[in-house]
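The structure appears right after this line, and notes come after that.
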Amino acid sequence: MSGQPSASARAADTPSTGVEADARSPQQRFLGLSRRRQFTLIEELLLTRSGELLRAYPCLLAVGHGFRRRRTHAGDGDGVGEIVTAERCVLFLVRRKWKRRGSQLRRLPAHLYCHDLVRGRRTLLAIPTDVSESRPLQANASPEAVDVADRVAHGVLTCLVDCALADGTRERRALSCRHVLSLTGIRSPEPNSVPVRHNGALIGDTLAIRGELSATDPAGFDAQAMRVSTPAAANRCVFTAIWPRGHVSHGGEFEASMWLQLPRDDGAIRVNYRGVWPVMRVSYGSGAARFVASVGPLVEVELVGNQKTLPGDSGSPLVIGYSKPRLAGMHIAGNPDDGNGRALSYCIPAYALMDPGNYAGADGEQWTLPQD
Amino acid sequence: MTVESLISALAKEHGNQALLAGKYVVAGFAVKSNEVMLNLKDGKKLDAADLAKVEAEIDNWSVLERPMKQQLDDLKLVLVLPK
């Protein structure tokens with residue numbers, strides 16, 4: 001990691017005294033746990049200590065979880081930069097990394113301590129941390145794919161979803177970003193229902209089933225449902241010919257490498273998972289309707305190679321697997337440069353996307369991804 | 001892209017790769033007509049109960065930054081697992 005607080009300069013938070021028979025260090029003990037157990041402990045720590053950490057360190061903007069990154073050097077053949085390791089960690093989001101050593105008080109901890117029962121023994125563990133720098137995020141709505149209401153404000157349909165409604169009936173819908181289907185930041189006030197087309201063919205119409213998204217909402221949710229009236233037209237939107245089936249049900253199921261299915265000839269783009277943030281600031285639209293919203297949760301992934309997300313990519317599915325894709329998230333915003341020349345994509349995690357509780361107007365519904 | 005260059009890239013990127021958290025380890029790849037055989041270390045075969053999980057794991061693989069399945073399809077090749 002570059003600048004401060006760097007791993008070497010950061011101090012560890014104060015551990016409580018533990019009596020352990022295991023001779024390994026608390027760091028090594030944590031690394032020796034199963035992936036699922038590591039994730040459970042990190043989630044528990046975030047749930048109980050995020051508020052305290054944000055109060056303790058004024059430089060902190062958010063606390064999330066993901067994989068640690070390490071610096072690569074010229075000798076690695078890839079120039080100087082960063083690689084994502086397989087080491088799970090707590091992520092700290094700061095406005096700026098320090099260029100020089102700061103005072104002891106301002107240093108973020110290199111590890112956060114917790115206890116677990118390992119083979120029946122109370123064991124002190126040290127969860128590693130890593131620091132990310134905050135960058136402006138722009139929601140991408142524009143060209144090709146799904147035409148919304150005859151306007152040149154476009155995006156991609158993420159997935160089909162079978163909805164069991166509160167009255168016992170079923171309806172097939174599709175999901176995409178609210179800023180795609182409601183022209184958020186482009187048209188004010190946003191329309192409640194508009195026809196959605198693909199290459200001029202009607203797919204269906206948008207529903208007022210959508211997440212809250214405004215400059216004042218503390219945690220906006222940029223997703224919306226539409227009714228599919230012409231399934232054949234909807235199917236022509238899929239760039240790999242297969243809609244996602246099954247989805248990631250919690251943050252521990254993300255793979256280190258996944259695919260972002262962008263609406264281009266080169267299609268699936270390799271991405272490396274970096275972490276999940278509870279809330280990020282995202283800029284929507286342009287001109288008079290432009291606003292900045294707090295949106296979350298968001299998965300951060302890094303695009304491999306020289307790829308970048310573009311306007312019109314919004315709604316692109318983040319998937320695990322290619323021929324039988326499992327939905328991991330929905331792309332809503334991008335950042336062309338993380339400071340090391342890598343482009344980033346920010347996606348709503350699939351487990352949040354598939355939760356009707358995150359949408360106004362979906363009370364009492366149950367959603368599943370279709371299997372046919 | 002030729003069959004030879006794809007097999008070479010597969011060996012480089014996925015040779016020695018662990019499957020199912022190390023239960024199986026890839027030894028290498030061999031081509032027989034239009035089939036690419038994936039060989040496991042120690043001549044191991046996949047248990048029937050693990051097949052779907054291994055297939056799902058391999059479905060997420062990339063070769064030369066593109067999906068492996070897409071690369072195989074382009075060359076009209078089929079991946080065969082040791083069952």
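Checking each residue of the range A:233-243 against the condition of being within 14 Å of chain B (Cβ to nearest Cβ), among the small types (G, A, S) and outside any loop (DSSP other than H, G, I, E, B) gives no match.
Scanning for something at positive phi, within 14 Å of chain B (Cβ to nearest Cβ) and either in contact with a Phe, Trp or Tyr (Cβ under 9 Å, 6 or more places away or on another chain) or aromatic (F, W, Y) (or both), does the range A:273-293 turn up at least one residue? So far as the range A:273-293 goes, no, none of its residues is at positive phi, within 14 Å of chain B (Cβ to nearest Cβ) and either in contact with a Phe, Trp or Tyr (Cβ under 9 Å, 6 or more places away or on another chain) or aromatic (F, W, Y) (or both). Within the range A:248-264, take every residue that is in a loop (DSSP other than H, G, I, E, B) and within 12 Å of chain B (Cβ to nearest Cβ) and give me the one that is surrounded by the fewest Cβ atoms within 10 Å (Cβ to Cβ). Checking each candidate, the answer is A:A256.
Might you check whether a residue that is modelled with pLDDT under 85 and either exposed (fewer than 14 other Cβ atoms within 10 Å of the Cβ) or not assigned by TED's automatic domain parsing to the domain that holds A:V295 (or both) occurs anywhere in the range A:35-55? Yes, the conditions are met somewhere in the range A:35-55. Just to be sure before I move on: is A:L207 modelled with pLDDT under 95, outside any loop (DSSP other than H, G, I, E, B), of a type in the set (A, V, I, L, M) and out of contact with any Ser or Thr (no Cβ under 8 Å at 6 or more places or on another chain) in the structure I sent? Spelling it out, it is not the case that A:L207 is modelled with pLDDT under 95, outside any loop (DSSP other than H, G, I, E, B), of a type in the set (A, V, I, L, M) and out of contact with any Ser or Thr (no Cβ under 8 Å at 6 or more places or on another chain).
Would a scan of the range A:171-188 turn up a residue that is in a loop (DSSP other than H, G, I, E, B) and without any contact (Cβ under 8 Å) to a residue 12 or more places away in the chain? No, the conditions are met nowhere in the range A:171-188. Among the residues of the range B:24-83, those that are small (G, A, S) and within 12 Å of the chain's Cα centre (by Cα) comprise B:A27, B:G28, B:A30, B:A56, B:S62.
Conditions tested, residue by residue: (1) at pLDDT 90 or above; (2) buried (at least 19 other Cβ atoms within 10 Å of the Cβ).
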{"position": "A:V156", "(1), (2)": "no, yes"}
{"position": "A:D167", "(1), (2)": "yes, no"}
{"position": "A:L181", "(1), (2)": "no, yes"}
{"position": "A:T184", "(1), (2)": "no, yes"}
{"position": "A:S193", "(1), (2)": "no, no"}
{"position": "A:V196", "(1), (2)": "no, yes"}
{"position": "A:D217", "(1), (2)": "no, no"}
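The values are calculated or read from the model by the stated rules, or taken from the named source; none is laboratory data. Bear in mind the structure is a predicted one, so any value in this text is a computation, not a measurement. Neighbour counts run over all protein chains shown; Cβ positions are idealised from the backbone, glycine included.
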